[in-house]
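Okay, structure first, notes after.
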Amino acid sequence: KQEVTQIPAALSVPEGENLVLNCSFTDSAIYNLQWFRQDPGKGLTSLLLIQSSQREQTSGRLNASLDKSSGRSTLYIAASQPGDSATYLCAVLGNQFYFGTGTSLTVIP
Amino acid sequence: KAGVTQTPRYLIKTRGQQVTLSCSPISGHRSVSWYQQTPGQGLQFLFEYFSETQRNKGNFPGRFSGRQFSNSRSEMNVSTLELGDSALYLCASSWGTDYNEQFFGPGTRLTVL
């Protein structure tokens with residue numbers, strides 16, 4: 001069974017700092033990997049989708065990379081802002097979507 | 001274009017009752033997936049429907065069931081509610097082919113007393 005782990009579980013950074021969130025998965029047989037953010041009590045907002053044949057995707061200040069062979073993905077956030085404070089989740093798609101445990105990010109003004 | 005909608009947004013039930021939650025996908029999307037989110041277990045996959053057929057199922061008891069209609073709208077039903085069923089229930093829609101990007105609704109917060 002696929003297991004998805006996110007490290008760290010929580011992160012607190014000052015505004016303006018660049019940061020990296022990590023996601024690892026045990027089974028490299030995936031179709032794609034998707035990063036989401038979730039605000040408290042709300043649904044999930046899709047940030048980036050990386051197909052299994054791709055190595056990275058970029059959207060604004062966000063860049064996500066995928067290394068299937070090592071079972072790892074990273075989400076890079078440049079010049080963090082207080083509005084980036086949320087929980088970030090990665091999900092890998094094999095025969096179903098498997099979600100990571102999430103990283104709770106706090107950006108301090 | 002309109003996003004994924006879920007109704008109701010909040011629900012309070014008592015143990016033993018049953019509940020039906022509704023999800024309307026983005027127009028044109030044929031796949032709807034359901035998830036349960038709790039603080040202890042995180043996000044767990046319940047099932048996925050594509051063109052009115054259940055395509056995938058997670059590891060939940062038979063009390064949890066679902067269906068999809070010809071217009072792609074989906075419902076999930078939980079019978080004989082237990083306290084542990086209190087959770088945020090999320091649905092997501094996608095085109096359903098080649099495992100495209102999933103888009104989530106705001107969720108239904110179910111509280112079982």
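The values are calculated or read from the model by the stated rules, or taken from the named source; none is laboratory data. Because the structure is predicted, anything quoted here is derived from the model rather than measured. Quick reminder, even Gly has a Cβ in these numbers, built from the backbone with ideal geometry, and neighbours come from all protein chains shown. In case anyone asks, the SASA skips ligands and DNA or RNA and just uses the protein heavy atoms, side chains included. Shrake-Rupley method; radii C 1.70, N 1.55, O 1.52, S 1.80 Å.
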Listing of strands (runs of 3 or more DSSP E) fully contained in region B:43-113 that carry 2 or more residues being open to solvent by 40 Å² or more (accessible area, probe 1.4 Å) and more than 25 Å from B:THR14 (Cβ to Cβ): B:53-57
Qualifying residue in region A:5-16 (condition: assigned to a loop (DSSP other than H, G, I, E, B) and within 21 Å of B:GLN37 (Cβ to Cβ)): yes
Condition broken by B:ILE12, with the remaining ones in (1) of a type in the set (A, V, I, L, M, F, W, C); (2) in a strand (DSSP E or B); (3) open to solvent by less than 80 Å² (accessible area, probe 1.4 Å) satisfied: (3)
Residues of region A:73-93 satisfying the condition of being crowded, with 17+ Cβ neighbours inside 10 Å and either away from chain B (no Cβ under 12 Å) or over 9 Å from the mean Cα position of the chain (by Cα) (or both): A:SER73, A:THR74, A:LEU75, A:ILE77, A:SER80, A:ASP84, A:SER85, A:ALA86, A:THR87, A:TYR88, A:VAL92, A:LEU93
Residue ID - farthest from the other protein chains (Cβ to nearest Cβ), chosen from residues in region A:17-39 that are of a type in the set (A, V, I, L, M, F, W, C) and part of a loop (DSSP other than H, G, I, E, B): A:ALA29
Top-ranked residue of region A:40-61 - restricted to ones that are open to solvent by less than 50 Å² (accessible area, probe 1.4 Å), under 19 Å from B:CYS91 (Cβ atoms) and not in a strand (DSSP E or B), ranked as nearest to the other protein chains (Cβ to nearest Cβ): A:GLY43
Residue that is nearest to the other protein chains (Cβ to nearest Cβ) [pool: residues in region A:62-71 that are touching a Leu at 6+ places or on another chain (Cβ under 8 Å) and either β-branched (Val, Ile, Thr) or open to solvent by 10 Å² or more (accessible area, probe 1.4 Å) (or both)]: A:LEU62
Residues of region B:60-95 satisfying the condition of being within 12 Å of chain A (Cβ to nearest Cβ) and of a type outside the set (A, V, I, L, M, F, W, C): B:TYR89, B:SER93, B:SER94
